[in-house]
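One structure is given here, and the rest of the page talks about it.
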Amino acid sequence: MAGETGRCSCPGCTEPPIAVLRGSGERLCTRHFTASVECRVRETVEGGGMVRDGDIVAVGLSGGKDSTVLLHILSRILLDCPVRIVAVTVDEGIAGYRKETIRAARSIAAVLGVEHIVVSFEELCGRTLDALVGELPMHPCTICGVLRRRVLQTAAGNIGAARLATGHCLDDEAQSALMNVLNGDLGRIARTGIPDAGVLVPRIKPLRSIPEKEVTLYGIVQEIYTPLPECPYAGEALRSDVRGFLSTLEYRRAGTMTRLMAGYDRLRARVGGCAGAGRVSCPECGGPSTGGRCRVCELLGQAGRR
Ligand code: SF4
């Protein structure tokens, strides 16, 4: 993507391009690439009615590249809007990893002048992820995903947020969509999308149309990345396979992920009323559930906490 020759496609611009957009074929210089990414995120936010005047928007900020880019862009495109942004970082309790990313999250929030809070798995369930991994038989990313969603939702609710923004980009969304299809999980297909309806603080994904490579390049040209260690648990089996498969397809057939998501959104609209699509309150904790005991209570029950 970087290191392109020639001139930027924008009329009158003589700057060298740094990127060729896979969908449109546009060759863009640093300034116009930055503007293009921000414009598409703005269209997603405005077109989806994601944020309204007076809203508090909680932004999940892991300190990694996607959420850092998300906070950076939101703080720019919402600069003149009567909206309060609060960055929320979850400390799962992962030794040798999370402390550094929390430091990076604090730093980027401070640079952008955004309020920042840190909430932890220990506050929710009295355990770190490291401890739970030793007590539960599933992959750490499965435990982490279930508890992180609840911690973020709880924190967003506590600060009165109207929206919870997460840094999922096009690649993440396409991987999740294909995984849901491969798992035959009709209920999950029906529940995903924007805005996320139900008893939760509605979740929004402003980067959902931006390919991961463009998110990465945006962060590089804006100089907002800090080199960080990789999570020692990274590598959820099915997602790794799907990521490799989709990357290969996207390389051979540009626009594959965008087309997949367009079809997935149509499919989601068709199965919206299917069994398992709705959410109810968990009889134990009152949190959101797809029926009966919620996943958080199930996990913590298995770990001997409930
Ligand atoms: Fe959690 Fe897995 Fe991400 Fe590590 S890689 S932070 S365990 S989801």
Task: Backbone HN-Hα couplings from phi across the range 289-303 [Karplus 6.51/-1.76/1.60, Hz, Gly and Pro as x] - done: 9, 8, x, x, 4, 6, 5, 5, 5, 4, 5, 5, x, 5, 7
TODO: Give me the number: length gained by fully extending L238 to I159, i.e. 0.36 nm times residue separation minus the C-alpha to C-alpha distance, one decimal in nm.
DONE: 25.0 nm
Open item on the list: If amide hydrogens are placed 1.01 Å from N in the peptide plane, which non-local residues have theirs closer than 5 Å to the one on G64?
Closed with: none
Task: Over the chain: helical MRE at 222 nm, DSSP H runs n ≥ 4 each giving -39500 (n - 2.57), nearest 500 - done: -14500 deg cm²/dmol
Task: Isotropic mean projected area of the C-alpha convex hull, the range 227-270 (nm²) - done: 4.8 nm²
TODO: Kindly provide the GluC sites (Glu not before Pro) of the range 228-270 that DSSP labels as loop, not H, G, I, E or B, and whose Cβ sees at most 10 other Cβ atoms within 10 Å.
DONE: E230
- [ ] Report the residue, chosen from R295, R203, R252, that carries the largest GNM mean-square fluctuation when the chain is represented by alpha-carbon nodes joined by springs under 10 Å.
- [x] R252
Open item on the list: How would Y225, Y251, Y264 line up from fewest to most surrounding beta-carbon atoms within 10 angstrom?
Closed with: Y251, Y225, Y264
Task: Cα convex hull volume per residue for the range 37-116 (Å³) - done: 86 Å³
Task: ³J(HN,Hα) computed for each position of the range 280-288 - Karplus, 6.51 cos²θ - 1.76 cosθ + 1.60, integer Hz, glycine/proline x - done: 10, 8, 5, x, 8, 10, x, x, x
Task: Gaussian network model of the chain, Cα within-10 Å springs - most flexible of A105, A237, A254 - done: A237
Task: K99, K205, K65 arranged by Cβ crowding within 10 Å, fewest neighbours leading - done: K99, K65, K205
Open item on the list: How large is log10 of I(q)/I(0) for the chain at q = 0.13, 0.15 Å⁻¹ when the intensity is taken from the Debye formula with one equal scatterer per alpha-carbon?
Closed with: -1.02, -1.38
Open item on the list: With just the Cα atoms defining each centre, how far is the range 54-112 from the range 142-190? Give it in Å.
Closed with: 17 Å
Open item on the list: Can you list residues from other chains, or at least 5 along the same chain, whose modelled amide H is less than 5 Å from the amide H of A165?
Closed with: A58, V59, G60, I204
TODO: Evaluate E = 1/(1 + (r/R0)^6) for D265 and Q302, where r is the Cβ-Cβ distance and R0 equals 45 Å; express this FRET efficiency to the nearest 0.05.
DONE: 0.85
- [ ] Show the residues, 5+ positions off or on another chain, whose built amide H is closer than 5 Å to the amide H of I85.
- [x] V57
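Laboratory data are not the source of any read-out in this text; all were calculated from the coordinates shown. Here the structure is a predicted model, which means the values were calculated and not measured. Every residue, glycine as well, gets a Cβ built from its backbone with ideal geometry; the counts of neighbours run over all protein chains shown.
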